[in-house]
Amino acid sequence: MSAPSGLAGNRSRGVPIIDEELPGDPFELYSSWCAEIRRDRGAQGVRAVLATSGGGVRPSMWCTRVVRLPGGFACFLHHRGRIGAALASHPEVSLAFDWSERGRSVLATGRCARLPAVDSDAFFGRLTEREQLAVWAGGMQEEGHSRAAVAAAAADFADRFSGQLIPRPGCWGGYRITVDEMLFQQGSDDGVTDCFRYGKPPGEEEWNVVRSTP
């Protein structure tokens, strides 16, 4: 079902996707759809809902900024938090992208592992000073803390790091998510939802793509 690059991704909302126009690599289609969303939403970063089983009865979920990496994505959060604890024991995760303004959604599934410290440092260094201070303050939060306490912690860290580069706190960092399955959905004007699943069997390099259901 491979096709010339970008054809399926260049179709407008409401126009059916033809199987023969699907690219062989799901990240090619993801990048095309993501570029359109970035144009729609301006400078806002790409965010997704991160879901993990967490080893308990209830799943753990969190809306987070994601970064595209070869073969998958990366997200950044506090290691000692609820999501960080879940990822430490159960690395299987899913990312859900809701792009409903174009009638689309993407679900990516795979396994996560911590990024090297140098990569987490590089991402932290690209954050604004306010975002960096929020990371530090967030790491000091405990269950039941008031907003005022968190704001006060951020102000304390602003004084502590005044006039210097703010270092990354060791309790915060990145996770690489290596994707082995991606599900794409798009609505159309004729009422039929196009849904197709890309999968990569263990040890294989090529992706398989089939029509599917959610």
Practice problem: Being touching a residue at least 40 places away in the same chain (Cβ under 8 Å), basic (Lys, Arg) and within 23 Å of VAL66 (Cα to Cα) narrows it down to one of ARG176, ARG211, so name that one. | Solution: ARG176
Exercise. Go through (1) open to solvent by 70 Å² or more (accessible area, probe 1.4 Å); (2) touching a residue at least 12 places away in the same chain (Cβ under 8 Å); (3) in a helix (DSSP H, G or I) one by one and return the number of the condition GLN132 breaks.
Key: (1)
Practice problem: Give the residues of region 107-124 that are among the small types (Gly, Ala, Ser), open to solvent by 20 Å² or more (accessible area, probe 1.4 Å) and touching a residue at least 40 places away in the same chain (Cβ under 8 Å), sorted by residue number. | Solution: ALA113, ALA117
Quiz item: Considering only residues of region 77-106 that are open to solvent by 20 Å² or more (accessible area, probe 1.4 Å) and in a strand (DSSP E or B), which is nearest to ARG41 (Cα to Cα)?
Solution: ASP98
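To keep it simple, each residue is scored yes or no on (1) within 22 Å of PHE97 (Cβ to Cβ); (2) open to solvent by 10 Å² or more (accessible area, probe 1.4 Å); (3) of a type in the set (Val, Ile, Thr); (4) in a loop (DSSP other than H, G, I, E, B).
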residue	(1), (2), (3), (4)
ILE166	no, yes, yes, yes
GLY170	no, yes, no, yes
GLY173	no, no, no, no
GLN185	yes, yes, no, no
ASP190	no, yes, no, yes
PHE196	yes, no, no, no
PRO202	no, yes, no, yes
GLU205	no, yes, no, yes
Quiz item: Which ones in region 76-119 are under 26 Å from ALA152 (Cβ atoms) and either modelled with pLDDT of 90 or more or not aliphatic (A, V, I, L, M) (or both)?
Solution: PHE76, LEU77, HIS78, HIS79, ARG80, GLY81, ARG82, GLY84
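The values are calculated or read from the model by the stated rules, or taken from the named source; none is laboratory data. What you see is a predicted model; the values in this text were computed from it and never measured. Cβ atoms come from the backbone with ideal geometry, glycine included; neighbour counts cover every protein chain shown. The accessibility values were calculated without ligands, DNA or RNA, using every heavy atom of the protein model including side chains. Shrake-Rupley method; radii C 1.70, N 1.55, O 1.52, S 1.80 Å.
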